[in-house]
Every structure is written in structure tokens, then in C-alpha cells.
Amino acid sequence: MKGMKLGLLTAIAAGVVAVGVPAYAHHSFPATYFVDQKTQIEGEVVQFLFRNPHAFIHVMAPDKDGKMQRWAVEWGGGAALARDGNVSKDTLKPGNKVIVDGQPGRNPADHRIRLVHITRPADGWEWGGDFE
């Protein structure tokens, strides 16, 4: 009986750890981005993926050498963005010109940015804030 209780407690502890680890790993932005640095790109929206756990904006913009690149800009989750009332699946369309401020990805070859602020100059729409 004592062995069964210990086995049950071990199984429960393993389940708690297994559930907790992916949640922590999912939110480990410092592993992917330089959270203490800032970068900016200005370009044209190619694709807007309004989804969970994080939305992505793909933007064609020049890199530091002036060569056009497709940047993957990571944003908050679609549900969280929709709650603030300023973002929906129709907020950004291919062809929209945008200015993105954010944290650069750790691997420059990936052309990734964690979004901190975005502006669409054509109509003055903007978003800025934190997300997890």
C-alpha cells in the first residue's frame, strides 16, 4: 500500500512538471531574442497570421546591408490582441506599409523580431505594449 501511494505521488509530481515545463519554455523570449536590444524595420506586410499562441507579421524590409529580406515579426496571441480592441484578423493586410520596433532575434540569419511597437503610417494606426 505504501508503495502504491509513493507511485501515485511520483506520477502526480511528474505530471505537474511535464505540464509546467512547456509553459515556461514557451515564454522564454530571452532564448530567442535579445530582450535588452532594440531594432527597427520599415517595409511591406506580406502576410499577417492572427493566431494563438502568437500572431506573426511577415514583412519584406531591408536588412542592415540594404538587401530585402522576409522578416518574421512575433506578436502577442490573437485572443489577447483582440481583447484590447485595437487589433483583429483584418488589422493588417498584404501591401500595408509598416514600421516595426522590437527586439532582434539572437540568430541574425533568421530575420526575426519580437514586436514592441508597430505603426501603419498611411492612416496613423499604431500598437505598442507588452505581451507574454
Checklist entry - Among 102, 53, 113, which residue has its Cα positioned farthest towards the positive end of the charge dipole of region 44-119, with +1 placed on the Cβ of Lys and Arg, -1 on the Cβ of Asp and Glu, and the dipole taken about the Cα centre? => result 53
Checklist entry - Accessible area of residue 81, 1.4 Å probe, to the nearest 10 Å²? => result 10
Checklist outcome for this item: Any aspartates and glutamates whose Cα falls less than 20 Å from that of residue 67, other than same-chain ones fewer than 8 residues away, would be 42, 44, 101, 110
Item to check | Label-to-label distance, nm, for residues given as residue 123 and residue 31 (7 Å Cα→Cβ offset) | outcome: 3.8
Next on the checklist: Please compute the length gained on full extension between residue 52 and residue 107, using 0.36 nm multiplied by the number of residues separating them and subtracting their Cα-Cα distance.
Outcome noted: 17.5 nm
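Mind ranking 70-78, 38-46 by how tightly packed they are, going by the mean number of other C-beta atoms within 10 angstrom, highest first?
Working: 70-78: 19.4, 38-46: 16.2.
So the order, starting with the most tightly packed, is 70-78, 38-46.
The values are calculated or read from the model by the stated rules, or taken from the named source; none is laboratory data. Small disclaimer: the values here were computed from a predicted structure and weren't measured. For neighbour counting, all protein chains shown are included, and Cβ atoms are generated from backbone atoms with ideal geometry for every residue, glycine included. When the accessible area is computed, the model is the full protein with side chains, heavy atoms only, and any ligands, DNA or RNA have been set aside. Shrake-Rupley method; radii C 1.70, N 1.55, O 1.52, S 1.80 Å.
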